[in-house]
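Asker: Submitted below is the structure of interest, expressed as structure tokens.
The values are calculated or read from the model by the stated rules, or taken from the named source; none is laboratory data. All of these numbers come straight from a predicted model, not from anything done at the bench. No Cβ is skipped: glycine too gets one built from the backbone with ideal geometry, and neighbour counts run over all protein chains shown.
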Amino acid sequence: MRKAKWVAAAAGVALLVAGCGNEGGADKGKGGEAPAAGAAAPAEQGAGTLDAAAVKQEIAGAATAAGFTEKSGDDVPASLRSCMVSWSPDGKKAADSKQSFDGTVAALVKGGWKETRTSDQPMSVIKSLDKSGWTVKASHQGKAGSLLIISFIAVDNGPTCAKAFQEDLTKNKQ
């Protein structure tokens, strides 16, 4: 079950990074359109200046400054640790999870992450932020007192990691 969860998360992030699912959302006109065929995705420009540890540190710093504490959860598979970062806050411990989410995103933007896509629905906000070859998918879904899921998942968009994600998906296909 744990591997299936990571396969689903990796596939979802890969699709988000590839530009799928941006039609009709709030991201139109905000630079969220998928790149033209053959064009480099925005996150691939300037790739290589961040590693997974630096990305995790930036997410953790922004999130804790905004009032989140890290929730323990599943670790990233060993084969993807240099390509993927998952940071999950304990939304129940934040005074206002939506305000803390917005504060985390604002701190990441202030730290050089460029917001490239936004999907803002009544009970769900998903934002994509790019920096130095990495994309963070920041997600706040649900509401306090019911089902609340908050996550910050970052992936390295370089060819080495694309290959690692593909190999992991193939290995874990059922």
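Asker: Do the conditions hold for SER146, that is, is it touching a Leu at 6+ places or on another chain (Cβ under 9 Å) and over 19 Å from LYS56 (Cβ atoms)?
Answerer: Spelling it out, it is not the case that SER146 is touching a Leu at 6+ places or on another chain (Cβ under 9 Å) and over 19 Å from LYS56 (Cβ atoms).
Asker: May I ask you to list the residues in region 83-121 that are more than 16 Å from GLY67 (Cβ to Cβ), modelled with pLDDT under 95 and polar (S, T, N, Q)?
Answerer: Scanning region 83-121 gives SER86, GLN121.
Asker: Turning to a different aspect of this structure: Can GLY133 be described as surrounded by 13 or more Cβ atoms within 10 Å (Cβ to Cβ), at pLDDT below 95 and not hydroxyl-bearing (Ser, Thr, Tyr)?
Answerer: Judged against the criteria, GLY133 is not a match.
Asker: Restricting to region 64-119, count the residues that are within 18 Å of THR135 (Cα to Cα), surrounded by fewer than 20 Cβ atoms within 10 Å (Cβ to Cβ) and among the charged types (D, E, K, R).
Answerer: 5
Asker: Give the residues of region 149-172 that are within 16 Å of ALA63 (Cα to Cα) and aliphatic (A, V, I, L, M), sorted by residue number.
Answerer: Our first condition is that a residue be within 16 Å of ALA63 (Cα to Cα); within region 149-172, this holds for 149-154.
Passing the criteria: ILE149, ILE150, ILE153, ALA154.
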